[in-house]
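Heads up: the structure comes next, in structure tokens.
The values are calculated or read from the model by the stated rules, or taken from the named source; none is laboratory data. Note that the structure is a prediction, hence the values are computed from the model and not measured. Note that we place each Cβ from the backbone using ideal geometry, even for glycine, and neighbour counts take in every protein chain shown.
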Amino acid sequence: MSGAHLYGFPSEDSDFDLRGVHVTPPAPLLSLRPPRETIEDQSTEDGPLDELVTHDARKYAQLLLRNNGYVLEQIFSPLVVIEGDLMRWRELARECIARKHVQHYLGFARSEWTQFHRRPEKTVKRLLYVFRVMLTGIHLLRTGEVEANLLTLNAEFGLPYVPELVAAKRAHGEAAQFPPGKELAFYEREYVRLEALLTESHEQSTLPDETPGARDALDAFLRELRF
């Protein structure tokens, strides 16, 4: 499970975002009409929107090799619906963790911050996504460990406004506006400060620059899954 439930700030109207990996049999891959690598399904039959997105194992492996932090966080999510080969994926994902992940986290943070600024409504949800992704990136570059829960991360960073924002999101839902008492300029300064800290963490990180062994290991695992 991904999204707000993984990040530690779900509200009653939060979606249930399910993410996964599937294995396409060899025969369809050899067909003139190869199957889709990504399958998406949405259902609104039972309460909040349930969204399922699952990638074929090859695409999943390719995303890992491209330092995709989003996929990395899914693999290490503690909220597991069906385990399957999850433990093996986690072993391989650890071999993919590198300093290059800063590209994902800087890009993701900047994208979320841009969306926050462009939208006329300044929601708590968007702010939480911005700060969550930066803290996850900083923690990863410092420790090599994947942690996507904002409240767990904040035990390390001690940002006093994080519990306030989480409480507002949980109480007022997806459309919650950021709490009074802090102007937009305050969050802008925090964004700039944390972006600089993310860049500094990359410069000082002891993680490897490259992970050449990860490609061969993932390739061997993919062959096992297919055959």
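Among the candidates ARG170, ARG193, single out the residue that is farther than 30 Å from PRO26 by Cα and in contact (Cβ under 8 Å) with a residue 60 or more places away in the chain.
On the way: ARG193 fails: in contact (Cβ under 8 Å) with a residue 60 or more places away in the chain.
After applying the criteria, what remains is ARG170.
Does SER11 meet the test of being in contact with a helix residue (DSSP H, G or I) (Cβ under 6 Å, 6 or more places away or on another chain) and either crowded, with 17+ Cβ neighbours inside 10 Å or part of a loop (DSSP other than H, G, I, E, B) (or both)?
Working: in contact with a helix residue (DSSP H, G or I) (Cβ under 6 Å, 6 or more places away or on another chain): yes; either crowded, with 17+ Cβ neighbours inside 10 Å or part of a loop (DSSP other than H, G, I, E, B) (or both): yes.
Against the criterion (in contact with a helix residue (DSSP H, G or I) (Cβ under 6 Å, 6 or more places away or on another chain) and either crowded, with 17+ Cβ neighbours inside 10 Å or part of a loop (DSSP other than H, G, I, E, B) (or both)), SER11 qualifies.
Only a single criterion out of (1) in contact with a helix residue (DSSP H, G or I) (Cβ under 8 Å, 6 or more places away or on another chain); (2) under 30 Å from PHE221 (Cβ atoms); (3) surrounded by fewer than 17 Cβ atoms within 10 Å (Cβ to Cβ) is not satisfied by TYR105, namely (3). If you take the residues in region 57-69 that are free of Cβ contacts under 8 Å to residues at least 60 places away in the same chain and touching a helix residue (DSSP H, G or I) at 6+ places or on another chain (Cβ under 9 Å), which one is farthest from THR211 (Cα to Cα)? Within region 57-69, the match that is farthest from THR211 (Cα to Cα) is TYR60.
Scan ALA27, ALA57, ALA109 and give me the residue that is closer than 21 Å to GLU174 by Cα and among the aliphatic types (A, V, I, L, M).
ALA109
Yes or no, residue by residue, for (1) farther than 28 Å from PHE186 by Cβ; (2) among the charged types (D, E, K, R); (3) at pLDDT 95 or above:
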{"site": "GLU40", "(1), (2), (3)": "yes, yes, no"}
{"site": "ALA57", "(1), (2), (3)": "yes, no, yes"}
{"site": "PHE76", "(1), (2), (3)": "yes, no, yes"}
{"site": "ARG90", "(1), (2), (3)": "yes, yes, yes"}
{"site": "ILE97", "(1), (2), (3)": "yes, no, yes"}
{"site": "VAL102", "(1), (2), (3)": "no, no, yes"}
{"site": "PHE116", "(1), (2), (3)": "no, no, no"}
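A single member of LEU127, LEU32 is touching a residue at least 24 places away in the same chain (Cβ under 8 Å) and of a type outside the set (Asp, Glu), and it is LEU127.
Among the residues of this structure, VAL81 counts as one that is touching a residue at least 60 places away in the same chain (Cβ under 8 Å), of a type outside the set (Lys, Arg) and either surrounded by fewer than 20 Cβ atoms within 10 Å (Cβ to Cβ) or assigned by TED's automatic domain parsing to the domain that holds GLY8 (or both). Filtering region 187-212 to residues that are more than 27 Å from TRP113 (Cα to Cα) and surrounded by 12 or more Cβ atoms within 10 Å (Cβ to Cβ) leaves PRO208, THR211. Of the residues THR152, THR114, THR143, THR123, the single one that is of a type in the set (Val, Ile, Thr), within 16 Å of the chain's Cα centre (by Cα) and surrounded by fewer than 21 Cβ atoms within 10 Å (Cβ to Cβ) is THR152.
Within region 74-125, being out of contact with any His (no Cβ under 9 Å at 6 or more places or on another chain), farther than 20 Å from LEU64 by Cβ and outside any loop (DSSP other than H, G, I, E, B) holds for ALA109, ARG110, SER111, GLU112, TRP113, THR114, GLN115, PHE116, HIS117, ARG118, THR123, LYS125.
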